[in-house]
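In what follows, a single structure is set out as structure tokens and then discussed.
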Amino acid sequence: MYLQQLSDAVGVSGQEDAVRRIVLDAIKDHVTDIKIDALGGITAIKRGTGATTDAPRLMIAAHMDEIGFMVKDIDSNGLIRFVNVGGVDDRILPGLRVKVGADGLPGVILWPPIHLNREQNVTALKNLRIDIGASSKESANGKVKIGDRIAFDSTYTELSETMVRGKAFDDRVGCSLLIDVLQGGPYPVDIIAAFTVQEEVGLRGAKVAAQKHAPDVALILEGTTAHDVPNPSAEPDDEIENNPGCRVNAGPALTVMDRSMIAQPRFLNYLRQTAEQNGIPYQLKTQLGGGTDGGQIHMAGGGRPTGVISMPCRYIHSPAAILSKTDYQHTLDLVKAAVHGLTFEAFRYE
């Protein structure tokens, strides 16, 4: 499992270089035809054995980028103005530690002290600044520049034998799973591995990969929101409410529908049957918020049957997401089983 190495790497959308280096080193001895496209995405082929005559070409995709920020300007007092790159919740920002630029310059997002903000109102991102300890614009200019990416300052941590915490599990967990799949095998079908870029800002790299390789069917590996925590507005003794989200330690989540796509019903049914036949726990994701690379891949060319298998993560899109290594193993088991049994029958309409 490469999750720790991948999580600690910085790869805000558009600057996925550090993650790309890890991926290339991990897969180079297990695939052929490695290509880096014009946007920086990686594609590679893991050849099938040819044991199955009815063998579709399967694309498995996971995105390398993470949410973060970008330097917009520098105030006269040396504080940094910034904008979000991807979906960021303003509520979590005040007081967070960040890394600025390629050298990971340490900084902190300022906040109004409680003495001055007793109402505890949410401060909009546009009104926040990053403090790197500079006292003037001139001194800050020597350390950062407009356009520098900014990432959460967070370190992967083992919380217990089964639970881990870290940043960018969306979607470094998918990248780790895809590496594990490629290092395994052999498989009866050809796998087109796509480590995509710029997913968090519009599923852009996935469109390039799907148009270039035109797979018969696609499987997206993702990290998704887990809702198995109390509602902050509920009464203290209330049970965790039922909702259409996912739960940690309940197995991989199979998407039925999200904001970007409806999973192809036949392929979804195949994934469910594969899990059941192999005794793998799973759950269904019906929450309509969010999207994945499948939103672009399923519309490429004349349309590509697409499914999504996600790892439930608490506190996603934050510096401290939490996931279960048990879920990770079940997800990996399901992906491998689905690849081994895949034929056109799994998704082709009569």
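The values are calculated or read from the model by the stated rules, or taken from the named source; none is laboratory data. Keep in mind it's a predicted model, so treat the numbers as computed, not measured. We place every Cβ from the backbone using ideal geometry, glycine too, and count neighbours over all the protein chains shown.
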(request) Could you please tell me which pairs satisfy a Cβ distance under 7 Å, a separation of 6+ or placement on different chains, a first residue in region 1-26 that is over 22 Å from V71 (Cβ atoms) and in contact (Cβ under 8 Å) with a residue 24 or more places away in the chain, and a second residue that is of a type in the set (K, R) and part of a helix (DSSP H, G or I)? (result) L3/R172; L6/R172; S7/R172
(message) Against the condition modelled with pLDDT under 95 and either closer than 28 Å to G301 by Cβ or more than 20 Å from the chain's Cα centre (by Cα) (or both), how does S135 come out, does it pass?
(response) yes
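Which residue out of R314, R304 is of a type in the set (K, R), crowded, with 16+ Cβ neighbours inside 10 Å and farther than 26 Å from H340 by Cβ? Reasoning before the result, please.
Working: R304 fails: farther than 26 Å from H340 by Cβ.
From the options R314, R304, the qualifying one is R314.
Just name the residue that is surrounded by the most Cβ atoms within 10 Å (Cβ to Cβ) out of those in region 39-94 that are of a type in the set (K, R) and part of a strand (DSSP E or B).
Among residues in region 39-94 that are of a type in the set (K, R) and part of a strand (DSSP E or B), the one surrounded by the most Cβ atoms within 10 Å (Cβ to Cβ) is K46.
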(message) Any residue at all in region 169-180 that's part of a strand (DSSP E or B), under 20 Å from P252 (Cα atoms) and under 16 Å from the mean Cα position of the chain (by Cα)?
(response) no
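Tell me which residues, restricted to region 282-335, are assigned to a helix (DSSP H, G or I) and farther than 30 Å from F69 by Cβ.
Just the residues of region 282-335 that are assigned to a helix (DSSP H, G or I), to begin with: 294-297, 325-335.
If the condition is that a residue be assigned to a helix (DSSP H, G or I) and farther than 30 Å from F69 by Cβ, then T326, Q329, H330, L332, D333, L334, V335 are the ones that fit.
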(request) Starting from region 33-47, take each residue that is in the same structural domain as L182 (by TED's automatic domain parsing) and among the small types (G, A, S) and list its partners that are in a strand (DSSP E or B) and surrounded by 14 or more Cβ atoms within 10 Å (Cβ to Cβ), counting only C-beta distances under 6 angstrom and pairs at least six apart or across chains. (result) G41/T196; A44/I34; A44/A193
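Quick check on S233: is it modelled with pLDDT under 95, assigned to a loop (DSSP other than H, G, I, E, B) and buried (at least 18 other Cβ atoms within 10 Å of the Cβ)? Break it down into steps so the answer makes sense when it comes.
On the way: modelled with pLDDT under 95: yes; assigned to a loop (DSSP other than H, G, I, E, B): yes; buried (at least 18 other Cβ atoms within 10 Å of the Cβ): no.
Judged against the criteria, S233 is not a match.
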(message) Anything in region 1-26 that is over 18 Å from I220 (Cβ atoms) and among the β-branched types (V, I, T)? List them, or say none.
(response) V10, V12, I22
(request) Please specify each residue of region 247-268 satisfying the condition of being closer than 16 Å to A338 by Cβ and assigned to a loop (DSSP other than H, G, I, E, B). (result) G251, P252, A263, Q264
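Here is a yes/no grid of residues against (1) in contact with a Pro (Cβ under 8 Å, 6 or more places away or on another chain); (2) of a type in the set (V, I, T); (3) crowded, with 21+ Cβ neighbours inside 10 Å; (4) over 30 Å from L332 (Cβ atoms):
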site: L110; (1), (2), (3), (4): yes, no, no, yes
site: G133; (1), (2), (3), (4): no, no, no, yes
site: G174; (1), (2), (3), (4): no, no, yes, no
site: D190; (1), (2), (3), (4): no, no, no, no
(message) Suppose the filter is modelled with pLDDT of 95 or more, under 30 Å from R97 (Cα atoms), in the same structural domain as I60 (by TED's automatic domain parsing) and buried (at least 16 other Cβ atoms within 10 Å of the Cβ); does Y282 pass it?
(response) no
(request) Select from region 11-38 the residues that are of a type in the set (D, E, K, R) and under 17 Å from A209 (Cα atoms) and write down the one among them that is surrounded by the most Cβ atoms within 10 Å (Cβ to Cβ). (result) E16
